Amino acid sequence: MHRLTRRGVPFQQWVTLQQAGTVLDALPALGIPEPDQILAVGRSGRPLAGSVDVVVWLAQIARWAVRNRRSLRRSLGKHSVVVVHGDTMTSVVGAVLAKFFRLDSAHVEAGLRSGDWRNPFPEELDRRIVGRLATVHYAPNDLAAGHLRGRRNVVMTQGNTVVDAVLDGAHEVGAASDDPYGVLLLHRFEFLGNETFVRETLARVLDGSPHRLVMVVDDLARHALRDAVTGLPPDKVTIVDKMPHSEFSALLAGAAFVVTDSGGVQEETALLGIPALIHRRATERNDGLGANVLLSEWKLDTMDRFLRDFESYRREPLTLVVSPSDAVVDDLVSRGYGN
C-alpha cells in the first residue's frame, strides 16, 4: 500500500476483521489509512473462536457483497484487480468476491504448499483454493512457483512482502546480553484447539528456557489460552498483546530465540538469522530450514533439544537484492491495473 501510494496508483483497502478490532488498532502505527470497506467485524464484534462464528462471519460478508454489488462494480472500473495475501480464510473470501464482481484477482505469497491438506488446517486448503481462483500468482521462490506449474501468470517475487516490512523498520539485530529473552507466539487453530498439548508445550518451554519469555497473544489466543496461562510465573513469562508490526520486529530483532507456529515469523527470523523453532507438524515454507530454523513436527523432544542448544542455530542476517513488494507493484502496474 505504501508503494502504491508513492506511485500514485489508486486502491481501496477492504478488511474482514476475523480478529475483530485488532487490525483497526494496528493500522495507525503502520501508517495505513482507515479501511474503505469493512465487510464484517468478527461475529457481532467478537473475534472468531469456532466454526459457528466462521459461518456467521461468512454470512455477513455474503450480505455485504450482495448489497454493494452494483455500486462497487460502477465505482471500481474494469481495470481493477482484487489483491489477496497469504493463506487465511480472508484470502479465499477475496478471491471469491473477485469472481462475484467479475474482476481479476492476484494472490501474493502464492504456491506455498505443505503437501498435506490437514496440516496446517485450514490454511493448506485455503492456499489450494486461492491457487485455483486467482488470475495472477506472485510466488516467493522457485519451489512455490513449481507448485503452480501449468498455470498462467506466475510471477517470481524473490521473497515474501513481510521481509520488506522488516527491512523498512531497519532494526539492529542481536540478542540483548544484559537481559536476554525468548519470544513465544503460538496462535494457530490446530494448536489452540488441543488443550492438553497446549499445556504440555507451555510447560516444556518454561522448563527448557534459560531466559525469561515474552509471550505475544492476539485476541483468539488470549481467549483460547485463558485457562492455560493462568498461574504462569510472572517472573518467567511476560504476556503482551499483539502489537504494531514495527514494535514486533524490534522485539524479534532483540530475541535470543523464538518459538512460534507462524509462517510469517518463520520468514522474518530466517531473514534476521535468529534461532527459531517452528512448532507445527508441517510447514509450507523452506525459509531458514537447515540453517537458523528448526521444525518441531509437534515433537516435544525436538523442542527440548532446540532450547538446550538454540545459540548454535544463529546465523548472520540475509541481504535482499530484490524487494518483493516492488516486484508485485511493478507487475500490477505493467498489467494496466489501476488505470
Check V155: other-chain or 5+ apart residues with amide H under 5 Å from its amide H, H built from backbone geometry?
H137, Y138, A139
Could you order R199, R308 so the one with the most accessible surface comes first? Probe is 1.4 Å.
R308, R199
As a test, work out the antiparallel percent of DSSP beta bridges whose residues both lie in the chain, rounded to the nearest 5.
5
Once label points are set 7 Å from the Cα along Cα→Cβ at both D207 and S71, what is their separation, rounded to one decimal in nm?
5.8
Pairing the Cα long axis of helix 324-334 with the longest principal axis of the chain, what angle in degrees results, from 0 to 90 and rounded to the nearest 10?
0
Using a Förster distance of 35 angstrom, determine the FRET efficiency expected from the C-beta separation of S44 and F121, and round it to 0.05.
0.90
Among E200, E267, E297, whose mean-square fluctuation peaks in a Gaussian network model of the chain (Cα, cutoff 10 Å)?
E200
Solvent-accessible ranking of M215, M156, largest area first, probe 1.4 Å
M156, M215
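Using 0.36 nm times the number of residues separating D309 and V55, minus their current alpha carbon distance, what extension gain do you get? Don't skip to the end; give the middle numbers.
On the way: separation 254, 0.36 × 254 = 91.44 nm, distance 4.39 nm.
Here the answer is 87.0 nm.
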If you place +1 on the Cβ of every Lys and Arg, -1 on the Cβ of every Asp and Glu, and leave all else neutral, what size is the dipole of the chain about its Cα centre, to the nearest 20 Debye?
1900
Once the in-chain neighbours fewer than 8 apart are removed, the aspartates and glutamates whose Cα is under 19 Å from K299 read D116, E190, E195, E200, D207, D261, E284, D309
Here are some values of Cα extents along the principal axes in Å: (1) 71, 46, 32; (2) 59, 44, 37; (3) 68, 61, 41. Which one was computed from this structure?
(2)
On a 0 to 90° scale, report how tilted helix 51-76 is relative to the longest principal axis of the chain, with both axes built from alpha carbons and the result rounded to the nearest 10.
40
Rounded to the nearest 10 degrees, what's the angle between the helix 123-133 long axis and the longest principal axis of the chain, both from Cα atoms, 0 to 90?
20
Return the carbon/sulfur percentage of the accessible area of the chain, one whole number, probe 1.4 Å, all protein chains in place.
52
Probe radius 1.4 Å, ligands and nucleic acids left out: which of D330, D178 has the largest accessible area, and how do the rest follow?
D178, D330
Spin-label proximity, K99 to region 128-146 - amide N less than 15 Å from point 7 Å beyond Cα toward beta carbon:
128-136
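Could you work out the relative contact order of region 83-166, using alpha carbon pairs under 8 angstrom and six or more residues apart, expressed as a whole percent?
About 28 percent, as a whole number.
To the nearest 20 debye, what is the magnitude of the charge dipole of region 6-53 about its Cα centre, counting +1 on the Cβ of each Lys and Arg and -1 on the Cβ of each Asp and Glu?
120
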Please compute the length gained on full extension between T5 and A291, using 0.36 nm multiplied by the number of residues separating them and subtracting their Cα-Cα distance.
99.3 nm
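The values are calculated or read from the model by the stated rules, or taken from the named source; none is laboratory data. Please read these numbers as outputs of a predicted model, since none were measured by experiment. With ideal geometry, Cβ positions are generated from the backbone for all residues, glycine too; neighbour counts draw on all protein chains shown. Calculation scope for accessible area: heavy atoms of the full protein, side chains included, ligands and nucleic acids excluded. Shrake-Rupley method; radii C 1.70, N 1.55, O 1.52, S 1.80 Å.
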